[in-house]
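What follows is a single structure, written as structure tokens, with notes after it.
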Amino acid sequence: MKVGVIVFPGSNCDRDMYHVLTDVFKLDAEYFWHEKGLPKNIDAVILPGGFSYGDRLRSGAIAAHSPIINDVRKMAEKGIPILGVCNGFQILVEAGLLPGALLKNTSLNFMCRWTSLIVENNKTPFTNKLKLHQKIPIPIANGEGRYYVDELTLKKLKKNNQIVFRYSEVVNGSTDRIAGVCNEDGNVVGMMPHPERATESAINPIDNKPSSLIFESLIKTIGVKN
Amino acid sequence: MSLEPQELDELTSKIGRKPTSTELQIVAAEWSEHCSYKSSKKHLKMLPMKGPLVISEKGYDSGVLDVGDGYVITAHIESHNHPSAVEPYGGAATGVGGVIRDILSAGTRPIAIFDGLRFGDIEKDQQARWLFKNAVTGIADYGNCLGIPTIGGEVEFDECYSNYALVDVAAIGFGKKKNLIKNHAKKGDLVVLLGGSTGRDGIGGSQFASDSLESENRSAVQIPDPFIEKLIIEAILEARNQNLIHAMKDLGGGGLSCAVSETADALSIGIEMDVNKVHTRESDMNPDEIMVSESQERMLIVTDNDKFKKIQEICKKFHITCSVIGKVTSGNMMHVKKGKKTCANLPTDLVANATLLDRPSKKPAYLEKIEDEKKLAPITDYSKMMMMFLSSPNIASKIWVYGQYDHEVGIRTVVKPGTDASVLRLDNGKFLAAKIDGNPKHCYINPREGAIGCFEEACRNVVCTGATPIGMLDHLQFGNPEDPEIFWTFLESLKGLTDFAKYFEIPCVGGKVSLYNETPSGPIKPTPIIGILGLIDKTPLYPQKIASGDCLVIIGNTKNEMGGSEYFEYIHKFIGGICPVVNFEESKANMNTVLNVIKKNLLKAVHDCSKGGLGVAVSEICMTHQIGCTVSLDKVPGPKLDADRILFSESHSRYLLVLQKKNLKKLEEILKKSHVSYHMIGVFGDENIRFNLDRKSIIDLRVDKAQKTWSNSLRELVVHG
Amino acid sequence: MAIFNVHVTIENKPGISDPEGETILNDLVLKGTHSSISKIKTAKMLKFTIKEKDKKIAKAKVQEICDDLRIYNPMVSKVTIDVFDA
């Protein structure tokens, strides 16, 4: 089982994600620089948070044109689990792999704080060990984290069960309090909050077990395959 | 940019000829107060710099401390006051960038940022609000983009900063001892400039920082580019991992002039460089401009031919430019050429070491009567006053500020901002606590005791997490040093810090002096800022949930020391009175005792008493934990005082301990044995914060209402004015 | 009195770098096949709708507002004001 962690110029949660994958969950992980290709033997791909290209133009807009995104697209089509966190989510949206857009928070400020998520879809490769409507204490840290979709798309998302996480409170003005979504097949998941910042009790002041289940879900998913 | 007439004479006589225009620019930059410390350097030597954990090497821009198991931390502090006063967004952001590169220069990865911000009265002054808002955004945009958590700092408002801004930034780095850059160079080594292009922005910045802010110096504004800084960090650390760097220095104040001359001087080498090789943003820049440009995000690296090829590979990966601009020569000359033409050829020790000054000092006249108190208007309703106090800009929660900073990235932040000091976990299983503190209101009334107070407060804050102070950073900010009265306040503060550092054996691992901090209406109050690094070997004190029935114990005496207190200044609009004085013996005993009881696992939380005194400190615990507390003021140790003085005196060396009732007896036994002043003064429970004196209610507030006001008032003020 | 649309463009002054524009140029546009582009500058535009006697007064009024309220920081930015009939 091998998890690829993609590094763009300006990614800054790549090392945190790698630490959690390898040191906390004992997974085999490898960094991939955005100008390189992804090898065939990758079982899951994670696009970590950060400020790819300094968030210029729009968060994720430039990284979405990186060469590696073509490989990510191919893997997405093959049904390989792909997770985008924060800037990774923004990149997946800009690349058209996930629906919607991420706009400036209604406060117009960068926000770093703890909140909690509610699991709305526990069938994805990253949520299949969580209970439906389970609460996950987790931090957010973003400036352009307000998820936006028009009403028609929202209806479609609901119908296809593509809303994966909702915030338990109004955080940043996201449409329908959406914090994370998946593609129609459910293998590509994007979320604004940072699960890698919540899996260790030392840095999680509330409860580290629920967000650990996101990674344990991945282990369950790709472990079964092998 | 220019030299003083006597400095020009000195330069001319030392080199035995008339200096060229480039030489004049180089020397003016390097001999400016900002780069040369010519007013302060003689005196700074009094601070103790050595300690068992301090690693000192030539050419480091940051302090290095050994934290065991083969790991080191590095620390540095700087300010960016003048640039931030005219362009707060860019000034504050580039301030972060500069100090981060100092941490990087030692070969360590930056892991935390702290910022101390000071502005005029934001309640009245729209300009102060504008400066504040934009400085915060500047720091947020820069630090967040780099992925370095901003985990602490302080914000203060005082009329003495009207139309001005103090933006102090401290940073901490972490790395393996074996990866530290051992600054060295030999003849033939290449001198490489890596990073952003050199442009006209920021020309004359260091000179600018050494002038009073009379004329608006437009060209000195620097444009922040955190994206390229992030790439530089990753490229440099990759080069470090491959051992490709012989010596390294960040380009800060004075640009290439200072970086080249100081590197050459520190390593006892000569450097020959060609300005044509510098990658510039505009094609028509002349040598003088190239040498003093303070364009941001640039690093100077010394390496050899083979290693340079590998550095080029790394730079190619990150799409950043690196140019060989010169080479190391024998001798000690700094030789600047444009093609074949010599523009400057000066001995590096001459450039890098301005003649140090012995400035006259004289006790300021205003201090004669400052301790006299005036008769204060009586307070009729303390509860009402307290609500107003909790919403005042200096007391109000700073969550609007630190909520905009990513303080979680890097997943080290164990104790989060909003507490006494944040705590980071280190890779060797230990923990690092850090805090910066300043108190210009105290320092104005008594520059010596005020400075010592800042030092002690920063120590108290890290002690509250269970950390032992291991190193100190000082940043001394004053007005025009040519004024003997201002220079006296500088010396007094410095002497006070030195005495405290020696008594507590806390070495100064880094520091900075910023002078000429003058606003249109005069000098700022003396504003020394102290940063303290504390180490925790086992576990920090994680704040735990406070329950009904838990006890509140105070350690330390509350004295009649109201001078410079927030209560006098904000509520009574009175500047004067007696400044709180730290009793060294008492301070040490209290500090050691608190550390001891934290180790024994008897406590749920510890909080120090500082700005706003006991009244604010107890309220902060209640509001943070959303629980009430009833406090008997008559039980507070110290001389007998009126209720307002017990509530709002800012006496030092005081700690509030929260514990379960079942641990009280054990705690009291230890406190008795330690010979510290203490008393149990309150019990937690229900929904009100209550202060009583002789069974009479003085203050009675609903916690939820107080908490709402305290948390939201700063944001309200910034957003709605 | 007439209604005018006034466009205020705020951009960094000449000689002051524009990292965002440079990134969009180098890391997006020039990586494609659009080699004829040599420069991209970012700017922020505010669109005012204003009722004034004539274009000249409308322009002066908006300029005054921009200066008074620090809508741009003259230290780093410049403004260009264009007036159109509504």
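The values are calculated or read from the model by the stated rules, or taken from the named source; none is laboratory data. What you see is a predicted model; the values in this text were computed from it and never measured. Positions of Cβ are generated from backbone atoms using ideal geometry, with glycine treated the same way; all protein chains shown enter the neighbour counts. Just the protein is used for accessible areas: all its heavy atoms, side chains included, with ligands, DNA and RNA removed. Shrake-Rupley method; radii C 1.70, N 1.55, O 1.52, S 1.80 Å.
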Quiz item: Under a straight-distance cross-link criterion of Cα-Cα below 17 Å, which aspartates and glutamates are reachable from B:LYS665, leaving out those fewer than 8 residues away in the same chain?
Solution: B:ASP550
Quiz item: How big is the C-alpha Rg of the range C:2-85 next to the rule-of-thumb value 2.2 N^0.38 Å, as a ratio?
Solution: 1.35
Self-check item: Stokes-Einstein D (µm²/s) once Rh is taken as the Kirkwood radius of the protein assembly as shown over alpha-carbon pairs, at 10 °C in 1.306 mPa s
Solution: 53
Self-check item: Distant-in-sequence amide H partners of A:LEU83 (H built 1.01 Å from N, under 5 Å)
Solution: A:VAL45, A:ILE46, A:LEU47, A:VAL189
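Arranged from highest to lowest average of other beta-carbon atoms within 10 Å per residue, in what order do the peptides C:53-65, B:568-580, B:457-469 appear? Mind showing how you got there, number by number?
Values: C:53-65: 15.2, B:568-580: 20.4, B:457-469: 27.3.
Packing order, densest peptide first, comes out as B:457-469, B:568-580, C:53-65.
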Quiz item: Once you charge only the Cβ atoms, +1 for Lys and Arg and -1 for Asp and Glu, what is the size of the charge dipole of chain B about its Cα centre, to the nearest 20 debye?
Solution: 2240
Quiz item: How far, in degrees from 0 to 90, does helix B:5-15 lean away from the longest principal axis of the Cα atoms of chain B, to the nearest 10?
Solution: 50
Practice problem: Note the count of lysine pairs whose C-alpha atoms are less than 29 angstrom apart in the range B:546-628, limited to pairs 8 or more residues apart or on different chains. | Solution: 12
Quiz item: Quick one: of the DSSP bridges fully inside the range A:2-225, what percent are antiparallel, nearest 5?
Solution: 55
Exercise. In whole angstrom, note down how far apart the Cα centers of the range B:350-366 and the range B:690-718 are.
Key: 47
Self-check item: Cβ-based charge dipole, chain B, positive-most Cα from B:PRO440, B:SER493, B:ASN241
Solution: B:ASN241
Exercise. With a point put 7 Å past each Cα toward its Cβ, work out how far B:SER674 is from C:LYS55 in nm, to one decimal.
Key: 7.8
Quiz item: So how do B:382-395, B:352-365, B:91-104, A:95-108 stack up, highest first, on mean other-Cβ count within 10 Å?
Solution: B:91-104, B:382-395, A:95-108, B:352-365
Quiz prompt | Inter-probe distance in nm under a simple model that places probes 7 Å from Cα toward Cβ, at B:ASP381 and B:LYS502 | solution = 5.3
Exercise. Select from B:GLY577, B:HIS43, C:ASN26 the residue farthest towards the positive end of the dipole of the protein assembly as shown; place +1 on Cβ of Lys and Arg, -1 on Cβ of Asp and Glu, and compute about the Cα centre.
Key: C:ASN26
Exercise. If a/c stays under 1.5 just call it rounded; otherwise compare a/b with b/c (prolate if a/b is bigger, oblate if not). Do that for the range B:543-721, with a ≥ b ≥ c from the square roots of the Cα gyration tensor eigenvalues.
Key: oblate
Practice problem: Tabulate in residue order the Karplus-calculated ³J(HN,Hα) for the range A:165-180, using 6.51 cos²θ - 1.76 cosθ + 1.60 with θ = phi - 60°, rounded to whole Hz; enter x for Gly and Pro. | Solution: 10, 10, 6, 7, 9, 6, 9, 9, x, 4, 3, 6, 6, 6, 10, x
Quiz prompt | All Cα pairs of chain B, percent lying beyond 39 Å | solution = 33
Quiz item: Hey, what do the phi angles of the range B:682-690 turn into as Karplus ³J(HN,Hα) couplings, whole Hz, using 6.51/-1.76/1.60 and θ = phi - 60°, x for Gly and Pro?
Solution: x, 10, 7, x, 6, 10, 10, 8, 10
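If you take each beta carbon of peptide C:25-38 and count the beta carbons of other chains within 10 angstrom, what is the mean?
Per-residue shielding by partner chains comes out at 2.
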Exercise. Would you give the gap between the C-alpha center of the range A:132-175 and the C-alpha center of the range B:96-134, rounded to a whole Å?
Key: 33
Practice problem: Report, in debye and to the nearest 20, how large the dipole of the range B:253-366 comes out about its Cα centre when Lys and Arg carry +1 and Asp and Glu carry -1 on their Cβ. | Solution: 140
Quiz item: Based on Cβ point charges of +1 for Lys and Arg and -1 for Asp and Glu, what charge dipole magnitude is obtained for the range B:139-197 about its Cα centre, in debye rounded to the nearest 20?
Solution: 1000
Self-check item: the protein assembly as shown - accessible surface per residue (Å², probe 1.4 Å)
Solution: 37
Exercise. Could you point to the residue in A:GLN134, A:ILE214, A:ILE91 farthest towards the positive end of chain A's charge dipole, with +1 and -1 charges on the Cβ of Lys/Arg and Asp/Glu respectively?
Key: A:GLN134
Quiz prompt | Proportion of all alpha-carbon pairs of the range A:2-225 beyond 25 Å (%) | solution = 30
Self-check item: Filter on C:LYS53/C:LYS78; B:LYS182/B:LYS327; B:LYS58/B:LYS177; B:LYS337/C:LYS41; B:LYS182/B:LYS309; C:LYS55/C:LYS78 - keep pairs with C-alpha separation over 22 Å
Solution: C:LYS53/C:LYS78; B:LYS337/C:LYS41
Quiz item: GNM, chain A, Cα, under 10 Å: largest mean-square fluctuation among A:GLY186, A:GLY50, A:GLY79?
Solution: A:GLY79
Self-check item: Degrees between helix B:447-463 axis and first principal axis of chain B (Cα, 0 to 90, nearest 10)
Solution: 80
Self-check item: C-alpha long axis of helix B:664-673 to longest principal axis of chain B, angle in °
Solution: 70
Quiz prompt | Cβ-defined net charge surrounding B:SER36, 11 Å radius [Lys, Arg +1; Asp, Glu -1] | solution = -2
Exercise. Sort out for me the Cα centre separation of the range B:659-675 from the range B:1-78, rounded to whole Å.
Key: 50
Quiz item: To the nearest whole number, what is the average tally of beta carbon atoms from other chains within 10 Å of the beta carbons of peptide A:136-143?
Solution: 3
Exercise. In Å and from the alpha-carbon atoms only, list the Rg and Dmax of the range B:626-721.
Key: 16.3, 53
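By how many nm would the segment from A:ASP185 to A:LYS135 grow when fully extended, if each residue of separation counts as 0.36 nm and the alpha-carbon distance is taken off?
Net length gain for the segment: 15.6 nm.
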Exercise. Could you sort the residues of the range B:271-293 by number and keep only those whose accessible area is reduced by 10 Å² or more in the all-protein-chain setting relative to the chain alone, 1.4 Å probe?
Key: B:ARG281, B:GLU282
Quiz item: Just counting partner chain Cβ atoms within 10 Å, what average do the residues of peptide C:9-22 show around their Cβ?
Solution: 5
Quiz item: How high is the relative contact order of chain C, given as a whole-number percent (alpha carbon pairs under 8 Å, six or more residues apart)?
Solution: 52
Quiz item: Short version: ³J(HN,Hα) in whole Hz for each residue of the range B:303-313, in order, from phi by Karplus 6.51 cos²θ - 1.76 cosθ + 1.60 (θ = phi - 60°), x for Gly and Pro, what are they?
Solution: 8, 10, 4, 5, 5, 4, 4, 6, 4, 4, 4
